[in-house]
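Undergrad: Okay, here's the structure, questions in a sec.
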Amino acid sequence: MAGYNWSFANVGGVTRVRIQSAEDIRHLGELDKKMWTVLSCPTTGLEISSDSLSLMDLDGDGKLRVEEVIATANYLCAALKEPKSLFEQSDVIDVENIADEGLRVIGDRLQENGKISLAAVQAAIDAVTIEEQAIPAAPLEADVIAAYKEKSAEYTAYFEQEKLQKLGLALIPEDAPKPGMTEKKFLEMGKQIADWEAAKAAAETANADALAAAKAEFMPLRKLLLIHRDFYRLLRNFVTLEDFYDRDDATVASFEAGTLIIDQRACKLCIRVHDMAKHDAQAPLSGMYLIYCNCVNQKTGKTAQIVAAMTQGEVSNLSIGKNAVFYDNDGLDYDATVTKIIDNPISIRQAFWTPYRKFSKWIEEKINKSAAEKDAKAFGDLTAKADAATDPNAEKQQAFDIAKFAGIFAAIGMALGMIGAALVSVAEGMSGFHWWQYVIVFVCILLVISGPSMIMAYLKLRRRNLAPVLNANGWAINADAIISVPFGRTLTEQVAFPIVKLPKVKKGMTAWKKWLIAICSILVGLAIVCGILHLCGFCWHCLCFH
């Protein structure tokens, strides 16, 4: 780094260089590339003007790299007397701050109160006029020219066939359409049209070149004003990710596309998706709960594909096909439909309840499956009986098998007996417990059920990283972009209703009944777990396995 004294700070849990002064920009070429957060980014699809980014893209490959950022910094330091004005991120410059004499002269012509603005330069460019070279008049009517071009290939083929027929090498069918002119006239007309089109193209090219040459006088000043406005913002998203981590500022990061409103939450971290195949490979590595949506604005027909990070709340109501609304940074609204979800933990609290939700969902699926099977069987039996009643040749129904029926009841009785014995054994083992031992047992059971899920969630939440999502969008991220739990809360806003007094309504079930059902369900679950532990050799007095 050639001895330059850089300023460092912890940004997003990672030590990064801070660009805070004009001297930092002057020495940007001395900064070790390993210290840059980003090594390259695309020049399109960002919230920074693509005009500015394309001017910095020196090789025109659609990617902005470290060397090009450094070259732009050197250009600005040479073009401005005081580069500190870059921190204003303005498209207005004091004319006296322009170092180049030629640009300053042009700026003096367009300045207002000693300042030159991008709007004034653009107005001067739009006002440029030239003495245009006359466009030659068409030799024929427009509809005649159009008809000639439409029939040109057909007529050419006909005249070729006619020549071959004269030589006895082909035969033109009598019903074949014939041109309404001779070949000579056809060729003369073609030459007239070709000469006119060539002259017209030459005149239009000459006029365009002359207009571009007249506007070229203002283009270097336009370039300076565009880059002057956007360069420091680029640095905050390239050397560091300050615009992303500075949530108190109204400025959003260059990759943030807008806000997704879904399930009573506002997801602030929304990124446009350019290559879904790359996202399929990279995005799961982020450790975030990601929602992919196809978005359409019905008025303008604009479409967008986005990915939003959900960092707060519950996810039970989120599913593929769910509708939402996406607002881009210009305030344009889109109808959004969820197309894909990458499921990852959102919080420790959510992870605590995850096993119970999964178990509840499993039971619900089993009940639904069993009900569907019984319904199908009942319908099948009913149709079979109806068929048997109408078919005289059908076999008589098999007689009731009392032995089989008794065997089923014996198996059920044995199972109930084993469960009862286990529950009695558990009750005997816990009969001498003090109250605090019951608390320990209860906590241990909760930890056995929810502990693994919470531990996995904790590890994943610590590793949540935005870098894989940006890499999938063509960025080359050189450092982690960690999303901690506290920072994640700033990326998703939850609904906050005021406290209101609700009118009394007739409830379907009283509160005490709900509590009774809940307590009984918990006790049954605990009894089953205790029984399993007892069968595995767990001693309730020692609180350990033997």
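Undergrad: Please tell me which of these pairs span more than 29 angstrom C-alpha to C-alpha: K63/K278; K63/K115; K278/K322?
TA: Among K63/K278; K63/K115; K278/K322, the Cα-Cα distance tops 29 Å for K63/K115.
Undergrad: Another question, if that's okay. Excluding residues fewer than 8 places away in the same chain, name every one of the aspartates and glutamates whose C-alpha is closer than 18 Å to that of K340.
TA: D263, D275, D280, E314
Undergrad: Checking the a/c ratio against 1.5 first, then a/b against b/c, what shape does the Cα gyration tensor give for the stretch 1-44?
TA: Because a/c hits 1.5 or more and a/b fails to exceed b/c, the stretch 1-44 counts as oblate.
Undergrad: Could I ask something else about it? Among A147, M181, A214, whose Cα projects farthest towards the positive end of the dipole of the stretch 142-215, with charges put on the beta-carbon of Lys, Arg (+1) and Asp, Glu (-1)?
TA: A214
Undergrad: From the phi angles alone, apply the Karplus equation (6.51, -1.76, 1.60; θ = phi - 60°) to the stretch 222-227 and give each ³J(HN,Hα) in whole Hz, x where the residue is Gly or Pro.
TA: Values per residue, Gly and Pro as x: 4, 4, 4, 5, 5, 5 Hz.
Undergrad: If you put +1 on each Lys and Arg Cβ and -1 on each Asp and Glu Cβ, how big is the dipole of the stretch 142-215 around its Cα centre, in Debye rounded to 20?
TA: 160 debye
Undergrad: Compute the separation of the alpha-carbon centres of the stretch 1-67 and the stretch 241-308 and state it in Å as a whole number.
TA: 23 Å
Undergrad: Can you count the Lys pairs in the stretch 142-215 with C-alpha separation below 25 Å, eight or more apart or on different chains?
TA: So the count of such lysine pairs works out to 25.
Undergrad: What does the highest-first list of 284-295, 480-491 look like by mean Cβ count within 10 Å?
TA: So the order, starting with the most tightly packed, is 284-295, 480-491.
Undergrad: Compare the peptides 180-189, 125-134, 80-89 by average per-residue count of other Cβ atoms within 10 angstrom and give them in order, highest first.
TA: 80-89, 180-189, 125-134
Undergrad: Enumerate the whole-percent occupancy of each 5 Å bin, from 0 to the last occupied one, for all C-alpha pair distances of the stretch 142-215.
TA: Using 5 Å bins, I get a P(r) of 3, 13, 18, 17, 12, 10, 9, 6, 5, 4, 2, 2, 0 for the stretch 142-215.
Undergrad: Which of the peptides 145-151, 68-74 is most tightly packed, and how do the rest follow, judged by the mean count of other Cβ atoms within 10 Å per residue?
TA: So the order, starting with the most tightly packed, is 68-74, 145-151.
Undergrad: Please check which bits of the stretch 235-279 a label hung off N323 would reach, taking the label as a point 7 Å along Cα-to-C-beta and the cut-off as backbone N under 20 Å.
TA: Hits in the stretch 235-279 for N323 at 20 Å: 259-267.
Read-outs throughout are calculated quantities, based only on the coordinates presented, and are distinct from any laboratory measurement. A quick note: this is a predicted structure, and the numbers were derived from the prediction, not measured. Ideal geometry is used to build each Cβ from the backbone, glycine not excepted, and the neighbour counts take in all protein chains shown.
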